Amino acid sequence: MSISTTTAAGTAPATELARLLHLRPDEVHRVATAFGEAHVFFPEADAGRCTAALLVELDPQAPRRDRRGKGRPPAAPVGDRPYAASSVFAAVLRTVFRQPLGQSPAPGPAEDGAAEDGALPLEIELPVVRADREPGPTRGGGDGVALTRRLFEPLGWRVDAAELPLDDAALPGGSPYVRLRLVAPAVRPAEALRQLAALLPVLDGAANQWVPPERAEADGVLAVHPERVLIARRLARHGHPVAWGGGDRGAGAAVRAALDAVGARRVVHFGCGHGELLAGLLGDGGFTELLGVDVSPAVLTEAARRLGLERTADPAPEWELRGGADGARVRLVQGAAVYADARRAGFDAMVFEAPAKALAEALAASASASGPGAADRVTPAADPAYLEHAVFAAARPPAVVATAPPGADAAAFATWARRAAAGYGYAVTLRPEAPPAPPAPPAPPAAPEVPATPPTLPPTPTPPAPLLALFERATPAPEGGGPR
């Protein structure tokens, strides 16, 4: 990978790039990473043009040597990882450029005539990028070249991408490798690296040695990206959930509106994660008690730090705040759907995210075979039916707000919500009732031309309204409801 900048006379020298990367242009920098050794050097560095090159010597055996402990299977072979920029390469970027990536996204002071925000005209070249095509017909094309444009153009980059052909043993559907060149008239190098570290794992669709993007880089990019549904769907294929930076404001506002509609003042958030929704509800005020439940103590620790809670004397992981905003009582407790827990009972409403597996099963299975109380049902602990039973049958609050996971199909979510409501004696209202149809793809240009200046990008479209189901208790719980 190479990062280049060119500056005109009278402006800061191009070697400003090296300073912003915290590197000396007259040295070769060697950095040891978990996947091998990386080298950063500057083939050209003068007042007019400066280029930083990153060469990574990935060691296919490094993941095997890093595995410790008895009884663990050996790591899978690395495959194409030494030759293509993939999610592993994004992890290397985070190690090599740890200093610029660790800085605050806020711009710093200028030096020697540099731009106030540190922005430079940048050109980034990656000779080989792993960009697996999107399965099925998709808007704007599903091949690797189209995917790179859908991911990088909304962020202000001019994308020059070309598919790299394979030999006679080509994969079905074409090559998953792309030569990528990104050009921007003004961008901070640290921000460019954050975007690469966040989006390279999205392009990478291979399951072998896939490394998820870190929250620190992903939040700032994904929270405002118009292709957030596509990004969420591709990350979910690896089992990596997406939490939009600062909480999804659209979903948070929709949940708050649903809670206000039923007059809920004591609320449980089942699967609260890092506490984004709880922080929003606490800041809005009007709630007398908020309870966050999650299975991970590490995640609860981060949520407690976000909410300013203190650890209680209880030996189980539990945090509490009394007399918060408007005198609200806030608690965080560890818990899982598979275990009965009296702490979740007696609240006005419960909020949770519908499991993606349940949405997929809702369309494939018939009501007689998949509905609550099926006589021949044997459910493993990880089955989403345990979550439904814990919410609708065990806790059984007067109201339940279920949100759809990022990228969920509206029809599947509606099918699941109606099945759950009928099985557990709730009335359900879907919001929005009729999701708007996706916009038609733009017509291709008559003749592609390379503009002399970067094209003006269209304004970022407003994200679609979040899918939400409001359940209101109508009848007593059916006999034998829930998994066995």
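Here region 279-294 is scanned for amide nitrogen atoms under 18 Å from the site 7 Å beyond the Cα of D260 along Cα-to-Cβ, giving 279-289.
Here the extension length gained between V229 and A162 equals 21.7 nm, from 0.36 nm per residue of separation less the Cα-Cα distance. The distance between label points at R24 and T11 comes to 2.8 nm (points 7 Å beyond Cα on the Cα→Cβ vector).
Each of E289, E57, E388 has some number of other Cβ atoms within 10 Å of its Cβ, and from fewest to most they run E57, E289, E388. A simple spin-label model places the labels of A253 and E57 5.4 nm from each other, with each point 7 Å out along Cα-to-Cβ. In nm, to one decimal, how far is the modelled label at D284 from the one at R49, with both set 7 Å along Cα→Cβ? Placing both labels 7 Å along Cα→Cβ, they lie 5.5 nm apart. Extension gain for A411 to H39 (0.36 nm times residue separation, less C-alpha to C-alpha distance): 129.0 nm.
Here the extension length gained between A360 and R305 equals 16.3 nm, from 0.36 nm per residue of separation less the Cα-Cα distance.
Values quoted throughout were computed directly from the atomic coordinates according to the rules given, and no laboratory measurement underlies them. None of these values were measured; they are calculated from a predicted model. Glycine gets a Cβ as well: all are built from the backbone with ideal geometry, and neighbour counts include every protein chain shown.
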